[in-house]
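Trainee: Have a look at this one.
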């Protein structure tokens with residue numbers, strides 16, 4: 001990793017140098033945009049939220065006296081008359097991870113001031129996210145149709161339904177919020193707000209392509225959380 | 001940390017070792033060099049109308065005052081609830097209008113209001129917003145808009161909380177810990193709308209706090225002014241900063257537990273609900289685990305204690321240093337103690353659950369971590385005392401509050417060592433001893449700091465001094481009164497009077513407890529009423545207080561060095577301050593005055609023995 005160039009500041013070598021750089025004046029993270037630092041710390045806090053959810057899930061699953069349903073049966077999808085375990089989830093995960101890729105490309109094109117490519121890639125990311133939420137809605141309705149509810153579950157422990165709807169719902173809310181912002185940012189990119197530094201409607205702060213990277217951080221985080229939810233719900 | 005920057009230059013006059021005779025010898029053209037700003041000056045939105053200047057305002061100082069006023073308002077409601085509780089306990093014949101249900105509801109709301117909506121909001125939202133940007137030399141918080149939304153989320157959260165007084169069934173009466181299953185089962189007061197509104201309000205509070213917290217953290221990390229290294233920050237900033245880190249990591253657990261409990265109530269899920277028999281019938285609930293809620297709640301709840309305490313530690317360090325005209329003893333030790341206490345606070349939560357039936361080794365682990373916290377805390381107390389030692393103490397109201405804090409904090413800390421041990425805790429659990437302990441250590445002690453801070457910073461906020469005379473009356477009523485309330489409670493705990501009991505019925509200890517309860521209640525009424533001296537003092541001083549002028553306490557830190565007092569939006573006028581030293585250069589040998597402000601360049605104090613910071 002190359003160090004950012006800070007006028008009048010020389011980074012110091014070694015661990016003691018790292019400590020000195022950290023404790024130096026003005027900024028702790030040299031050259032890091034305020035918004036980016038904010039997003040990282042927000043994501044740390046959000047990590048604790050999801051950790052609390054998943055740890056509660058483990059504790060709840062371990063304590064319930066009723067048997068936990070078999071995920072490969074509950075989450076199976078009938079394709080051409082054959083039940084294929086985890087089919088839908090595999091597609092959902094693939095779509096979401098792919099959208100992370102398009103997001104990363106959007107950030108790259110943004111910094112290259114390639115407005116069109118950046119805008120299209122953000123739009124592609126938003127569509128990926130929308131597809132994910134749509135498939136999640138499909139899965140929810142399938143489970144609800146089969147009789148799974150937050151308070152009951154024909155396949156076993158009622159806590160399965162409780163935790164499943166709560167945690168995937170909370171994650172789905174994250175994705176949906178991300179999608180809304182992606183659409184707004186796509187519009188702002190196409191309209192050139194980031195090129196001309198147009199002031200935001202709410203905050204009246206100047207637009208900058210760094211905002212796309214900040215949203216990208218959030219988006220990658222949401223994808224990463226999905227990997228954990230996937231592992232804990234569908235593979236355990 | 002002078003080699004943090006500017007390492008090719010020579011700062012000869014900054015260190016006491018390089019003093020060389022008279023005439024400022026050793027001062028070169030590079031002496032006062034501070035490297036240029038890394039970040040461009042902040043772009044601020046300046047309000048034009050009344051609404052954007054005073055209501056939906058983006059200025060951290062106004063937001064701080066808004067937080068302060070709303071938190072104080074909520075705190076007064078908490079105070080009135082405590083009066084009602086004391087009326088019932090001391091003079092039940094006068095409290096005929098109160099039922100047991102009312103009593104439980106008042107206990108619950110008093111606890112939640114005081115801990116979350118009063119102390120947390122006041123320290124972090126109030127003092128944090130006002131002081132952080134000023135003390136680190138920023139123009140404002142880094143995201144003023146988000147900061148504004150943070151306050152209004154808090155406003156809504158308070159509104160939802162208070163609304164629960166007016167819904168059918170009233171507010172929740174499950175105790176401030178809201179333990180399920182009883183919190184949401186019929187028979188507990190407010191188990192309908194009350195508990196739902198409580199959970200919603202907490203969720204809103206956490207969301208709002210997160211917005212503010214991100215601001216505090218990034219402002220401290222990334223928006224300090226030139227020359228303001230981490231080890232030159234006032235301890236107030238360190239305390240608030242570390243407390244905010246704790247809040248960002250602890251509030252998620254509260255959010256999750258509040259969400260899961262509201263789902264248990266609203267959707268009939270059984271996250272926390274085991275199989276329950278009620279009047280011979282099995283309820284719909286089953287298979288959940290109430291202990292999980294306790295873990296989640298206390299994973300939030302214990303750091304919460306330090307979210308309140310750490311800002312208090314930081315503020316008191318600054319107040320003691322300024323008013324005893326001496327540098328803070330062991331600054332670095334103080335910083336590290338704050339950080340270590342903060343880190344340890346995440347590993348002690350189960351000491352609130354010793355009686356939940358945990359494995360002995362589990363209790364052993366948590367007792368050990370709990371007692372380890374006593375080490376950095378005791379270090380801090382020694383350092384406060386050593387700061388006072390041979391200082392040029394100004395025995396004004398602020399100093400009185402500081403001394404009151406140290407005494408109260410030591411008192412509450414020592415009973416904490418009792419309760420941290422499993423074997424001592426088990427018999428004392430759920431008695432008045434616990435009430436006495438936590439009111440001393442996280443009620444009265446932080447409150448003393450708030451009071452001291454109010455007398456200290458009132459001149460900065462308003463430009464006028466508070467009346468010293470009224471302040472002294474206020475202090476002595478509060479200090480002696482608080483001891484009259486909580487000291488006897490330790491005894492009540494030892495004779496086994498249980499907490500959260502509406503009345504004592506015909507218990508054997510009723511005889512000795514009754515008189516004491518009357519005494520405690522009387523003291524509580526007086527102490528509560530004494531707080532109105534402060535309100536009267538504030539209201540009158542706004543108009544007729546002595547004009548404070550600039551820097552009335554001769555302090556060093558940046559908040560007193562703004563071009564206008566009280567500071568205006570943007571804080572610093574045209575030019576941001578440049579910092580050359582820490583804020584504790586008091587009574588430096590060789591200096592003309594007994595304080596050297598943080599912005600005083602080294603060349604001006606070349607012949608003094610300043611600390612190398």
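Any read-out appearing in this document is the output of simple, stated calculations on the displayed coordinates, not a laboratory observation. Everything quoted here is computed from the prediction, not taken from an experiment. Neighbour counts are summed over all protein chains in view; Cβ atoms, including those assigned to glycine, are modelled from backbone coordinates with ideal geometry.
Trainee: Could I have the simple spin-label model distance between residue B:279 and residue B:417, label points 7 Å from Cα toward Cβ, reported in nm to one decimal?
Mentor: For the pair residue B:279/residue B:417, the computed spacing is 5.2 nm.
Trainee: A further question follows. Quote to one decimal, in nm, the extra length available between residue A:228 and residue A:104 on full extension: 0.36 nm per residue of separation minus the C-alpha distance between them.
Mentor: 42.6 nm
Trainee: Still on this structure, please answer the following. How much length is gained on full extension from residue B:53 to residue B:386, taking 0.36 nm per residue of separation minus their Cα-Cα distance? The partial results should precede the final answer.
Mentor: Values: separation 333, 0.36 × 333 = 119.88 nm, distance 4.39 nm.
My answer for the length gained is 115.5 nm.
Trainee: What order do you get for B:36-45, B:283-292 when each peptide is scored by the mean count of other beta carbon atoms within 10 Å, highest first? Can you show the working numbers first?
Mentor: Values: B:36-45: 13.9, B:283-292: 18.8.
Ranked by mean Cβ neighbours within 10 Å, highest first: B:283-292, B:36-45.
Trainee: Now, a different point. For the range B:170-242 and the range B:377-429, what is the separation of their Cα centres, given in Å?
Mentor: After rounding, the separation between the Cα centres reads 25 Å.
Trainee: Something else: Go ahead and run the numbers for FRET between residue A:196 and residue A:80, Cβ-Cβ distance against an R0 of 56 Å, rounding to 0.05. Before the final figure, lay out each step's value.
Mentor: Values: r = 53 Å, r/R0 = 0.95.
With R0 = 56 Å, the Cβ-Cβ based efficiency is 0.60.
Trainee: Expressed as a whole number of Å, what is the distance separating the alpha-carbon centroids of the range A:175-236 and the range B:515-584?
Mentor: Cα centroid of the range B:515-584 versus Cα centroid of the range A:175-236: 42 Å apart.
Trainee: Roughly how many Å is it from the Cα centre of the range A:1-64 to that of the range B:86-136, as a whole number?
Mentor: Taking the Cα centre of the range B:86-136 as reference, the centre of the range A:1-64 is 35 Å away.
Trainee: Right, another one. 7 Å from Cα along Cα→Cβ at both residue B:186 and residue B:374: what's the point-to-point distance in nm?
Mentor: 4.9
Trainee: Now a separate question. Note the angle between two axes, namely the Cα long axis of helix B:193-222 and the longest principal axis of the Cα atoms of chain B, as a number of degrees from 0 to 90, rounded to the nearest 10.
Mentor: Tilt of helix B:193-222: around 20 degrees.
Trainee: Sticking with this one: What is the log10 of I(q)/I(0) for the range B:556-613, computed with the Debye formula using one identical point scatterer on each Cα and no solvent, at q = 0.24 Å⁻¹?
Mentor: With one equal scatterer per Cα and no solvent, log10 I(q)/I(0) is -0.93.
Trainee: Once the mean 1/r over all distinct Cα pairs of chain B is inverted, what Kirkwood radius in angstroms do you read off?
Mentor: Numbers: mean 1/r = 0.0392 Å⁻¹.
One over the average 1/r among Cα pairs gives 25.5 Å for chain B.
Trainee: Could you work out how far apart the two model spin labels at residue B:356 and residue B:333 are, taking each label as a point 7 Å from the Cα in the direction of the beta carbon, and quote it in nm?
Mentor: 3.6
Trainee: For a Förster distance of 45 Å, can you work out the FRET efficiency between the beta-carbons of residue B:505 and residue B:407, rounded to the nearest 0.05? Intermediate values should be presented prior to the final figure.
Mentor: Numbers: r = 36 Å, r/R0 = 0.80.
It comes to 0.80.
Trainee: Can you give the alpha-carbon Rg of the range B:319-363 over 2.2 N^0.38 Å, where N counts its residues? Could the numbers behind the result be given before it?
Mentor: Details: Rg = 17.5 Å, N = 45, 2.2 N^0.38 = 9.3 Å.
Relative to the 2.2 N^0.38 Å estimate, the range B:319-363 comes out at 1.88.
Trainee: Pull out the extension gain between residue B:514 and residue B:393, defined as 0.36 nm times the separation in residues minus the alpha carbon to alpha carbon distance; nm, one decimal.
Mentor: Details: separation 121, 0.36 × 121 = 43.56 nm, distance 4.24 nm.
Extra length available between residue B:514 and residue B:393 comes to 39.3 nm.
Trainee: Using just the helices of chain A, give the 222 nm mean residue ellipticity in deg cm²/dmol: DSSP H runs with n ≥ 4 each add -39,500 (n - 2.57), and the total is spread over all residues, rounded to 500. Before the final figure, lay out each step's value.
Mentor: On the way: 8 runs with 158 residues, N = 236.
Only helices count here, giving -23000 deg cm²/dmol.
Trainee: Provide the FRET efficiency to the nearest 0.05 for the residue B:177-residue B:495 pair, computing r from the beta carbons and using R0 = 35 Å.
Mentor: Working: r = 24 Å, r/R0 = 0.69.
That pair, residue B:177 with residue B:495, gives E of 0.90.
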